[in-house]
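Asker: Have a look at the structure that comes next, please.
Derivation of every value follows stated rules applied to the coordinates shown; laboratory data play no part. Because the structure is a prediction, the values reported are computed rather than measured. Backbone-built Cβ (ideal geometry, glycine too); neighbour counts: all protein chains shown.
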Amino acid sequence: TIGMIVIGKDGQVAAGTSTNGANHKVPGRVGDSPIAGAGSYADSTAGGAAATGDGDVMMRFLPSYLAVELMKTGTDPSTACKTSISRIKIHYPGFFGAVICANTTGHYGAACNKVPGFSKFTFVVYNSQSNSPLLQSVDC
Amino acid sequence: QATLPLVINTWPFEHATAAAWSALQAGGSVLDAVEKGCARCEADQCDGSVGFGGSPDERGETTLDAMIMNGNTMEVGAVGDLRRIKNAIGVARAVMERTDHTLLVGESASVFAENMGFTAEDLTTNKSISIFTQWLKDNCQPNYRKNVSPDPSQYCGPYKPGATLRQRRKRQIDIHAHD
């Protein structure tokens with residue numbers, strides 16, 4: 001899956017996702033990606049967020065919506081992402097997933113849940129300072 | 001130091017990021033940038049988890065999910081279980097801009113896409129056939145079914161409801177298999 005957030009120079013926010021879903025899924029299965037607030041969410045009064053991982057679990061907690069709502073109350077993007085992950089972890093300690101968050105001032109962050117085989121999450125950022133796509137990662 | 005504009009996306013899909021940035025630099029809107037960025041990943045079949053030819057279902061078919069959201073107007077367009085159309089994010093945007101709905105799914109979403117001018121084509125590739133064939137050889141493992149008969153942890157279907165409900169076993173994580 002790709003989850004993307006774009007914030008314009010005037011703070012307008014858009015977000016999106018695209019995926020072919022889970023390998024060997026039951027036909028008809030739809031994951032979190034096309035669900036607003038789950039796969040991604042955008043609100044130009046606050047920012048945007050996008051989630052990736054096990055959509056069957058993550059879509060139950062609307063992690064992108066939660067992260068954006070937290071940023072709306074002034075929470076920084078990294079903390080907003082971490083809180084979204086931790087809410088899921090309470091119920092599913094072994095879930096596979098990560099969230100990226102960005103606010104309308106251009107600050108961004110990410111968080112993920114550490115499980116065997118997944119201890120670091122990589123994402124890409126492009127802004128006028130990087131002048132090219134910049135790979136970044138966070139430890140889960 | 002934070003600066004705007006900003007493009008950020010999950011996983012190391014740099015070409016998608018660059019495509020979104022180019023769209024902005026060309027004077028496109030933030031929606032244009034998201035659409036172009038995700039479409040680039042669909043065309044590139046990023047990591048096998050985006051676009052055609054990846055993640056075949058139990059029948060070997062690749063289906064796509066996508067969504068786009070406008071944070072100014074809170075409009076959303078989305079498709080789920082989209083069949084035979086490669087440009088899922090484009091169809092999602094068409095749902096947003098050409099209907100008052102939010103989410104279209106399955107065969108009907110594909111018909112909508114064709115009516116909106118998207119090309120219908122087979123999403124199967126040699127790779128997706130190979131993944132599917134191997135899965136069949138592995139007795140359909142891993143498997144998302146539970147509480148059915150025959151035991152889905154050992155056998156392929158067709159499945160019927162099992163007599164008892166049991167706790168699900170722990171699933172092995174594959175970081176290349178993600179939503």
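Asker: Which residues, counting only those in region B:127-168, are among the charged types (D, E, K, R), within 13 Å of another protein chain (Cβ to nearest Cβ) and assigned to a loop (DSSP other than H, G, I, E, B)?
Answerer: B:ASP138, B:ARG145, B:LYS146, B:ARG168
Asker: For region A:107-129, enumerate the residues that are assigned to a loop (DSSP other than H, G, I, E, B), small (Gly, Ala, Ser) and more than 9 Å from every other protein chain (Cβ to nearest Cβ).
Answerer: Selection gives A:SER119 alone.
Asker: Can you tell me which residue among B:THR164, B:THR133, B:THR102, B:THR73 is more than 20 Å from the chain's Cα centre (by Cα), among the β-branched types (Val, Ile, Thr) and under 21 Å from A:GLY16 (Cα atoms)?
Answerer: B:THR73
Asker: Can you tell me how many residues within region A:31-45 are in a loop (DSSP other than H, G, I, E, B) and surrounded by fewer than 24 Cβ atoms within 10 Å (Cβ to Cβ)?
Answerer: 3
Asker: Turning to a different aspect of this structure: When only residues in region A:20-45 that are of a type in the set (Val, Ile, Thr) and free of Cβ contacts under 8 Å to residues at least 24 places away in the same chain count, which is nearest to the other protein chains (Cβ to nearest Cβ)?
Answerer: For region A:20-45, the residue satisfying everything is A:VAL30.
Asker: Quick one: count up the residues across region B:50-60 that are over 11 Å from the mean Cα position of the chain (by Cα), facing chain A (nearest Cβ under 7 Å) and touching a residue at least 40 places away in the same chain (Cβ under 8 Å).
Answerer: Initial filter on region B:50-60 (over 11 Å from the mean Cα position of the chain (by Cα)): B:57-60.
So of that shortlist, the ones also facing chain A (nearest Cβ under 7 Å) come out as B:57-59.
Checking the rest, the ones that are also touching a residue at least 40 places away in the same chain (Cβ under 8 Å) come to B:58.
The number of residues fulfilling the criteria is 1.
Asker: Can you tell me which residue among B:ALA18, B:ALA23, B:ALA39 is in a helix (DSSP H, G or I), surrounded by fewer than 24 Cβ atoms within 10 Å (Cβ to Cβ) and more than 7 Å from chain A (Cβ to nearest Cβ)?
Answerer: The match here is B:ALA23.
Asker: Determine whether region A:5-14 contains at least one residue that is in contact with a Ser or Thr (Cβ under 7 Å, 6 or more places away or on another chain), surrounded by 24 or more Cβ atoms within 10 Å (Cβ to Cβ) and of a type in the set (Gly, Ala, Ser).
Answerer: no
Asker: Condition test on A:GLY48, is it crowded, with 24+ Cβ neighbours inside 10 Å, in a loop (DSSP other than H, G, I, E, B), in contact with a helix residue (DSSP H, G or I) (Cβ under 9 Å, 6 or more places away or on another chain) and at the interface with chain B (Cβ under 7 Å from one of its Cβ atoms)? It would help to see each step written out before you state the result.
Answerer: Numbers: crowded, with 24+ Cβ neighbours inside 10 Å: yes; in a loop (DSSP other than H, G, I, E, B): no; in contact with a helix residue (DSSP H, G or I) (Cβ under 9 Å, 6 or more places away or on another chain): yes; at the interface with chain B (Cβ under 7 Å from one of its Cβ atoms): yes.
Taking the combined requirement at face value, the residue does not satisfy it.
Asker: Only one of these is under 22 Å from B:ALA19 (Cβ atoms) and either without any contact (Cβ under 8 Å) to a residue 12 or more places away in the chain or out of contact with any strand residue (DSSP E or B) (no Cβ under 9 Å at 6 or more places or on another chain) (or both): A:ASP56, A:ASP10. Name it.
Answerer: The conditions single out A:ASP10.
Asker: Scan region B:104-119 and tell me whether some residue there is assigned to a loop (DSSP other than H, G, I, E, B) and of a type in the set (A, V, I, L, M). Lay out the reasoning, then the answer.
Answerer: Filtering region B:104-119 for residues assigned to a loop (DSSP other than H, G, I, E, B) gives B:116-119.
Next, only the ones that are of a type in the set (A, V, I, L, M) stay: B:116.
Scanning region B:104-119 turns up at least one residue that is assigned to a loop (DSSP other than H, G, I, E, B) and of a type in the set (A, V, I, L, M).
Asker: Out of (1) surrounded by fewer than 23 Cβ atoms within 10 Å (Cβ to Cβ); (2) within 17 Å of B:ALA78 (Cβ to Cβ), the odd one out for A:ARG87 is which?
Answerer: Result: A:ARG87 fails condition (2) only.
Asker: If you check B:ARG171, B:ARG93, which single one turns out to be in a helix (DSSP H, G or I), within 23 Å of B:TRP11 (Cβ to Cβ) and facing chain A (nearest Cβ under 9 Å)? So that I can check it myself, show each step before the final result.
Answerer: Numbers: B:ARG171 fails: in a helix (DSSP H, G or I).
Only one candidate qualifies: B:ARG93.
Asker: Here's another thing I want to ask about it. Just give me the residues in region A:91-106 being more than 9 Å from chain B (Cβ to nearest Cβ) and more than 23 Å from A:SER33 (Cβ to Cβ), in sequence order.
Answerer: Hit for region A:91-106 is A:PRO93, nothing else.
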